[in-house]
Amino acid sequence: MLRTLFRSEQGGHEQVVFCQDRASGLKAVIALHSTALGPALGGTRFHAYADAEFPEQAAAQDALDLARGMSYKNALAGLAHGGGKAVIIGDPDTLKSEELLLAYGRFVASLGGRYVTACDVGTYVQDMDVVARECRWTTGRSPENGGAGDSSVLTAFGVFQGMRASARHLWGEPTLRGRKVGVAGVGKVGHHLVRHLVEDGAEVVVTDVREQSLARVTAEHPQVAVVADTDTLIRTEGLDVYAPCALGGALNDRTVPVLTARVVCGAANNQLAHPGVEKALADRGVLYAPDYVVNAGGVIQVADELHGFDFARAKAKAEKILDTTLEIFRGADRDGVPPAVAADRLAEQRMAAGPADTTAR
């Protein structure tokens, strides 16, 4: 298994740790991609990998890929943090317990601060409160326990800054006023994004698989239109911006050819289904704001928590996502490459330059 694991094309990871606690049933993988800019920061995913022949290897590959992504995201967010990620293997609905989370906290603590953990899919603020009882390198905690709480507010704010940058680059003004924006997924992050768009004067169209999420948005913003599904949304006539804010892989060989929007900018992670999609977007004249750049508001918030959370300070840093996104667009135009390639290059330059080019707060 290990030989196959470390054949990953996206290698170069500094450390991979397999963790097991028989008493609680904990099996976990912690992957550190880079600490060039500081301690690795990234969330803990709790997932079953039920369809995998070897769940441990599937979890390890997931952790490796996600950790690498966090290195790039943290570098472009201007944080003095490298990238790391952890995966706890199992169904969180049946396996998660206080005993397991405490055991996991001890494993994170054993890394001596090289990895700082936070929430991800399957883990929540209350879980980080438990982990923090065994590990001081834990963020994403509740306000009652010295944390910043829900990070979706600043995640949405950062995506909105990415949209403003896209509008500035394409149409000359950093505003969505008068533009039609389609938001796919109006859950934790998406409904905050809709509020920013409505306040900015955009015409907003939404879809979501959860009726309760749609009901909340339309109750708060009656002017928002609802369409049946994402396939309908991406084909909507006159759409200026498409914001994928649900599952990854939203941009693929099926969706890209039928997109009506001139801009794609959303909160979902891993929007490009495979390498080459970024070129297909560029060939169609679609401006893509790289997901890991514009959705960095959440990691900016949890990083700030490590210094005693100050919302105004964290928001000011998240506002800089606009400038970073514009820098990426300019670099893409200058070098004749898609923005996703320009973003990777800029992140790699920052990591190679070391922590002097970033600030911890």
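In whole percent, what relative contact order does the chain give with Cα contacts below 8 Å and a gap of six or more residues?
RCO, the chain: 16 percent.
Using only DSSP helix segments of four residues or longer, with each worth -39500 (n - 2.57), what per-residue ellipticity at 222 nm results for the chain after dividing by its residue count and rounding to 500?
When only DSSP H runs of four or more count, the value is -12500 deg cm²/dmol.
Report the residue, chosen from Asp335, Asp62, Asp200, that carries the largest GNM mean-square fluctuation when the chain is represented by alpha-carbon nodes joined by springs under 10 Å.
Asp335
For region 149-246, which GluC sites (Glu not before Pro) pass both filters: DSSP loop (anything but H, G, I, E, B) and at most 12 other C-beta atoms within 10 Å?
Glu237
Which whole DSSP H helices in the chain pass both tests: a Cα extent of 20 Å or more along the axis and a mean Kyte-Doolittle value no lower than 0.0? Could the numbers behind the result be given before it?
On the way: long enough: 55-76 (32 Å, -0.43); 152-171 (28 Å, 0.46); 321-335 (21 Å, -0.24); 339-353 (21 Å, -0.03).
Counting only whole DSSP H runs, the qualifying helices are 152-171.
When DSSP assigns beta bridges and you keep just the ones with both residues in the chain, what percent turn out antiparallel, to the nearest 5?
Looking only at bridges with both residues in the chain, the antiparallel portion is about 30 percent.
Hey, can you rank 321-327, 261-267 by average C-beta count inside 10 Å, highest first? The partial results should precede the final answer.
Values: 321-327: 20.4, 261-267: 25.9.
Packing proxy ranking, top to bottom: 261-267, 321-327.
Name the residue from Gly266, Val256, His196 whose Cα lies farthest towards the positive end of the charge dipole of region 176-314, charges +1 on Cβ of Lys and Arg and -1 on Cβ of Asp and Glu.
Val256
Mind pulling up the Rg/Rh value for region 261-326? Radius of gyration and Kirkwood radius, both on Cα.
Looking at region 261-326, the ratio lands at 1.09.
All other residues with a Cβ under 10 Å from the Cβ of Gly149 taken together, and with Lys, Arg as +1 and Asp, Glu as -1, what is their net charge?
Taking every Cβ under 10 Å from that of Gly149, the sum is -2.
Is there a quick way to get the dipole size of region 283-361? I mean about its Cα centre, with the Cβ of Lys and Arg at +1 and of Asp and Glu at -1; what is the value in debye to the nearest 20? Please report the intermediate quantities before stating the final value.
Working: 10 positive and 13 negative charges, 30 e Å.
Rounded to the nearest 20 debye, it is 140 debye.
Which of Asn145, Leu170, Val186 sits closest to the plus end of the dipole of region 141-190, meaning its Cα is farthest towards the positive end, when Lys and Arg get +1 and Asp and Glu get -1 on the C-beta?
Checking the options against the dipole of region 141-190, the answer is Leu170.
Magnitude of the Cβ-charge dipole of the chain, K/R +1 and D/E -1, about the Cα centre, nearest 20 debye? Numbers along the way, then the final one.
Working: 37 positive and 44 negative charges, 138 e Å.
The calculated dipole for the chain is roughly 660 debye.
Could the peptides 171-182, 113-124, 27-38 be put in order, highest first, of the mean number of other beta-carbon atoms found within 10 Å of their residues?
Values: 171-182: 17.3, 113-124: 21.8, 27-38: 23.8.
Result, highest mean Cβ count within 10 Å first: 27-38, 113-124, 171-182.
Between Glu199 and Glu144, what length in nm is gained on full extension when 0.36 nm per residue of separation is reduced by their alpha carbon distance?
Values: separation 55, 0.36 × 55 = 19.80 nm, distance 3.10 nm.
Gain on extension, Glu199 to Glu144, equals 16.7 nm.
Using the structure shown, list the pairs from Lys73/Lys315; Lys27/Lys96; Lys27/Lys188; Lys73/Lys320; Lys27/Lys85 with a Cα-Cα distance above 21 Å, or answer none.
Lys27/Lys188
Where a number appears in this text, it was derived from the coordinates with a stated rule and is not lab data. None of the values given here were measured: they were computed from a predicted structure. A quick note on method: Cβ atoms are made from the backbone with ideal geometry, for glycine too, and the neighbour counts reach across all protein chains shown.
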